[in-house]
Amino acid sequence: MHHGLEWLSRRAMWIAGFCYLLITVLICFDIFARKFLGFSTESTTELTGYLMAVGMSWGLAGTLFERGHVRIDVLVQRMPLRVRVWLHLASLLALLVSTGFYVYGAVSIANDSFAFNATDLTTLRTPLVLPQGLWAAGFVLLFLAALALALRSVGQLMHGDLIAMDRALMARTYEDEAAETLEAVAEAQAHMQAPGYSSTEVVAEPQTPLQTPSVSSTHKQGSQ
């Protein structure tokens, strides 16, 4: 369950990134169209709002697995390991409770839009259940990710594997960031050294006698 949700959350993060990229494309196109083509799509604000909501919610679970959420843990990191793991678990349970409210609210809104066949008051008349349903799906994925981490943490706590539990739930440090950067650089170098990699190296072609005169012919021309 944990590995499957982690894989799914990372793919959702990719989709979230493309949502923000598409927001940039839509805004740039609208600016270009107004400036040089004399018209506006009149839907950029609506579409970018949907994309921002979906991108935000779909990126939450993957950020949780990567320990990328902002945490104020100055005091927590100074406490003993046996106390620290219980605080990690308490924060994870608090995340579960708050995310449960998010899921309930988002699903309720999407369900109401579906029941009343509600549409946005714009030219596109977008059925609101579509963006709201996708938005709610991100919170559901976050809830499942937090539940999987909580179950794994309880198992580690019961087996006395406190170091692994602390490592999985603590905030990212600058050592983690540096190690990730070095790993990415090593992967890039390995890819460049692969046999099938095509680089921009210029391969010197063998020169013909017509291109480079030999020493003997040069000497003969000089003597003549």
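The values are calculated or read from the model by the stated rules, or taken from the named source; none is laboratory data. For clarity, every value in this text was computed on a predicted model and none was experimentally measured. FYI the Cβ positions are ideal-geometry reconstructions off the backbone, even for glycines, and counts take in every protein chain you see. The protein model used for the area step is the full one, side chains on, heavy atoms only, and it has no ligands, DNA or RNA in it. Shrake-Rupley method; radii C 1.70, N 1.55, O 1.52, S 1.80 Å.
Only residues of region 117-155 count here: report those whose backbone N is under 20 Å from the spot 7 Å along Cα→Cβ of Phe29, or say none. Residues 122-127, 131 qualify, since their backbone N sits under 20 Å from the label point. Summarising the amide proton neighbourhood of Thr119: residues at separation of 5 or more, or on other chains, whose placed amide H is nearer than 5 Å comprise Leu128. Per residue, region 1-56 exposes 68 Å² of solvent-accessible protein surface, assessed with a 1.4 angstrom probe and all protein chains in place. Scoring 146-158, 35-47 by mean Cβ neighbours within 10 Å over their residues and listing the highest first yields 146-158, 35-47. Its relative contact order, with pairs defined as Cα atoms under 8 Å and 6+ residues apart, puts the chain at 24 percent.
If you take the Cα atoms of the chain, find Rg, then find the Kirkwood Rh from the mean of 1/r over all pairs, what is Rg/Rh? Rg/Rh: 1.27.
Once the 1.4 Å probe is applied to the protein heavy atoms, region 92-167 comes out at 57 Å² accessible per residue. Note that region 97-176 carries a Kirkwood radius of 15.3 Å, evaluated over its alpha carbons pair by pair. Here the Karplus curve 6.51 cos²θ - 1.76 cosθ + 1.60, taken at θ = phi - 60°, turns the phi angles of region 113-118 into couplings of 4, 5, 5, 9, 6, 6 Hz, with x standing for Gly and Pro. Based on DSSP H segments of at least four residues, each scored -39500 (n - 2.57), the chain has a per-residue ellipticity at 222 nm of -23500 deg cm²/dmol.
Determine the share of the chain's accessible area contributed by carbon and sulfur atoms, expressed in whole percent, with a 1.4 angstrom probe. Here it works out to 68 percent. Sorted largest first, the spans of the alpha carbon positions of region 1-103 along the three principal axes are 65, 31, 23 Å.
Net length available on complete extension from His3 to His159 is 54.2 nm, with 0.36 nm assigned per residue and the Cα-Cα distance removed.
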